[in-house]
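Colleague: Mind looking over this structure? Questions follow.
The values are calculated or read from the model by the stated rules, or taken from the named source; none is laboratory data. In this text the structure is predicted, and so the values were computed from the model without any measurement. So basically every Cβ, Gly included, is an ideal-geometry build from the backbone, and we count neighbours across all protein chains shown.
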Amino acid sequence: METKRTDTFLITGGCGYVGYRLACSLHKKGANIILFDTVPPNQKVPEDMLFIQGDISEYAHVEKAVAGVDCVFHIASYGMSGREQLNRQLIEAVNVQGTQNVLKACLEHRVSRVVYTSTFNVVFGGQVIENGDESLPYLPLHLHPDHYSRTKSLAEMAVLKANGTALKDGSGVLRSCALRPAGIYGPGEQRHLPRIVGYIEKGIFRFVYGEPSSLVEFVHVDNLVSAHELAAEALTSEKHHRSAGQPYFISDGRPVNNFEFFRPLVEGLGYPFPNLRLPINLIYFVAFLTEMIHHLIGPFYNFQPLLTRTEVYKTGVTHYFSMAKAKAELNYEPQEYNLDEVVQWFRSRGHGKKLQSSFLGRLLRDILFVSAFVAVVLSFLPFVGS
């Protein structure tokens, strides 16, 4: 993507994994970047990259951040996985109210472009989808098994409906589009991968579920960053606003069994891959019970569920989508990645079964024990002077 030095991009959720990677990519291309998030970035930010701390559910905070920008990447969301999925009030505030605040502020401050980061879940709720495309209807809201997916659907609908709305003072119209990414991975990802590695290291990852033939999709963070840049560019007049009002499925374009996808991570960290396969209905029932228990005791003890119902569907039921529209209209060409760099990232931070170090440790202890034993035996021998 070619950007001008005068282009200013606001990234909501800019200190998160995808947001910050996008910010760095755009910054290298000469763009001005504003990061908007509830917490400061945990990495060193270039001096000319601005950070604004604020709450997206507060309109005054959003309005302050949006003023003077050319394009908004609306990535901020809440409730994607784990116990976050069970906090309905915060999910609603961030995903629905936050999106409404972004759209209102863009219209008020004459921001002409919005790229919204949505999700596969707006059309998926546990049913099999093979090579689906953007003509699929939204899943009826009452069929979503979790509030995150429901609110992301509402937010995407609002973003696409806002396309073509007149900006304040008749200075043009808002152009908006939505990206629907698959499961995101890459070195340093902090939402899903650490949780998976934690399960592996605690010995919890002892079984898989669903059919071996079930296929899902993932997207490497760099492919997703590229898709965001291309989508923003396709909203411009130079590209004839061809992405305006459109949703796009974004993935690596390589459907794979969920558990086989993570096999290199499990084995790369030195652990055996589980052989036990359980029926998905059993796991779904356990997830349902876990959610019910959390609903009862969550206010007193906010424990992390092993799995939620949505996570069971997302990992065990076939759903993958065509990249044809993204390739044709955005010129999206996903690059091929694997989990090697993810394995190295975790190993460099001390994760992984310490097979070699354990062997060396036992060897050292054996040598010390033998040496001590020899020393004790020698101490009882008569001393012979020279």
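Colleague: Quick one: which strands (runs of 3 or more DSSP E) lie wholly within the stretch 1-93 and hold at least 3 residues that are buried (at least 17 other Cβ atoms within 10 Å of the Cβ) and of a type outside the set (G, A, S)?
Modeller: On the way: elements: 8-12, 32-37, 50-53, 71-74.
In the stretch 1-93, 8-12, 32-37, 71-74 are the strands (runs of 3 or more DSSP E) which contain 3 or more residues that are buried (at least 17 other Cβ atoms within 10 Å of the Cβ) and of a type outside the set (G, A, S).
Colleague: Residues T119, T151, T165: which one is in contact (Cβ under 8 Å) with a residue 12 or more places away in the chain and closer than 14 Å to A244 by Cβ? Before you say what the answer is, go through the steps one by one.
Modeller: Details: T119 fails: closer than 14 Å to A244 by Cβ; T151 fails: closer than 14 Å to A244 by Cβ.
Result: T165 is the single residue among T119, T151, T165 that is in contact (Cβ under 8 Å) with a residue 12 or more places away in the chain and closer than 14 Å to A244 by Cβ.
Colleague: Which members of the stretch 201-224 meet the condition of being crowded, with 22+ Cβ neighbours inside 10 Å and part of a helix (DSSP H, G or I)?
Modeller: Of everything in the stretch 201-224, those that are crowded, with 22+ Cβ neighbours inside 10 Å and part of a helix (DSSP H, G or I) turn out to be N223, L224.
Colleague: I need a count of the residues in the stretch 272-301 that are in a loop (DSSP other than H, G, I, E, B) and exposed (fewer than 12 other Cβ atoms within 10 Å of the Cβ). Give the derivation first.
Modeller: Filtering the stretch 272-301 down to residues in a loop (DSSP other than H, G, I, E, B) leaves 272-275, 279, 298-301.
When the remaining residues are screened for being exposed (fewer than 12 other Cβ atoms within 10 Å of the Cβ), the result is 272, 275, 299-301.
Residues in the stretch 272-301 being in a loop (DSSP other than H, G, I, E, B) and exposed (fewer than 12 other Cβ atoms within 10 Å of the Cβ): 5 in total.
Colleague: Another one. Out of all the residues in the stretch 102-125, which are over 21 Å from F9 (Cβ atoms), in a helix (DSSP H, G or I) and aliphatic (A, V, I, L, M)? Give the steps one after another, and end with the answer.
Modeller: Filtering the stretch 102-125 down to residues over 21 Å from F9 (Cβ atoms) leaves 119-125.
Those left that are additionally in a helix (DSSP H, G or I): 120-122.
Once the filter is applied, which keeps residues that are over 21 Å from F9 (Cβ atoms), in a helix (DSSP H, G or I) and aliphatic (A, V, I, L, M), the stretch 102-125 yields only V122.
Colleague: So, one more: Scan the stretch 255-268 residue by residue and report those that are surrounded by fewer than 17 Cβ atoms within 10 Å (Cβ to Cβ) and either modelled with pLDDT under 95 or not in a helix (DSSP H, G or I) (or both).
Modeller: V256, the sole residue that qualifies.
Quick grid of which residues meet (1) hydrophobic (A, V, I, L, M, F, W, C); (2) in contact with a Ser or Thr (Cβ under 9 Å, 6 or more places away or on another chain); (3) at negative phi:
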position: R83; (1), (2), (3): no, yes, yes
position: N101; (1), (2), (3): no, yes, yes
position: V122; (1), (2), (3): yes, yes, yes
position: S135; (1), (2), (3): no, no, yes
position: L139; (1), (2), (3): yes, yes, yes
position: D146; (1), (2), (3): no, yes, yes
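Colleague: Which of the residues belonging to the stretch 302-316 are buried (at least 19 other Cβ atoms within 10 Å of the Cβ) and not small (G, A, S)? It would help to see each step written out before you state the result.
Modeller: Of the stretch 302-316, the ones buried (at least 19 other Cβ atoms within 10 Å of the Cβ) are 305, 307-316.
The answer is P305, L307, T308, R309, T310, E311, V312, Y313, K314, T315.
Colleague: Picking from A244, A231, A227, A326, which residue would you name as being part of a loop (DSSP other than H, G, I, E, B), touching a strand residue (DSSP E or B) at 6+ places or on another chain (Cβ under 8 Å), touching a residue at least 24 places away in the same chain (Cβ under 8 Å) and of a type in the set (A, V, I, L, M, F, W, C)?
Modeller: Working: A231 fails: part of a loop (DSSP other than H, G, I, E, B); A227 fails: part of a loop (DSSP other than H, G, I, E, B); A326 fails: part of a loop (DSSP other than H, G, I, E, B).
Residue meeting the stated conditions: A244.
Colleague: Quick one: F36 ticks every box in (1) more than 20 Å from R110 (Cβ to Cβ); (2) touching a Gly at 6+ places or on another chain (Cβ under 8 Å); (3) at pLDDT 95 or above except a single one, so which number is it?
Modeller: The number of the failed condition is (1).
Colleague: Right, something else. Filter the stretch 29-71 down to the residues that are in contact (Cβ under 8 Å) with a residue 12 or more places away in the chain, more than 26 Å from D146 (Cβ to Cβ), in contact with a strand residue (DSSP E or B) (Cβ under 9 Å, 6 or more places away or on another chain) and of a type in the set (A, V, I, L, M, F, W, C) and list them by number.
Modeller: A31, I33, I34, L35, M49, L50, F51, I52, A65, V66, V69, C71
Colleague: Can you pull out every residue in the stretch 136-177 that is in a loop (DSSP other than H, G, I, E, B) and at pLDDT 95 or above?
Modeller: Within the stretch 136-177, L136, P137, Y138, L139, P140, N163, G164, T165, L167, L174 meet the criteria.
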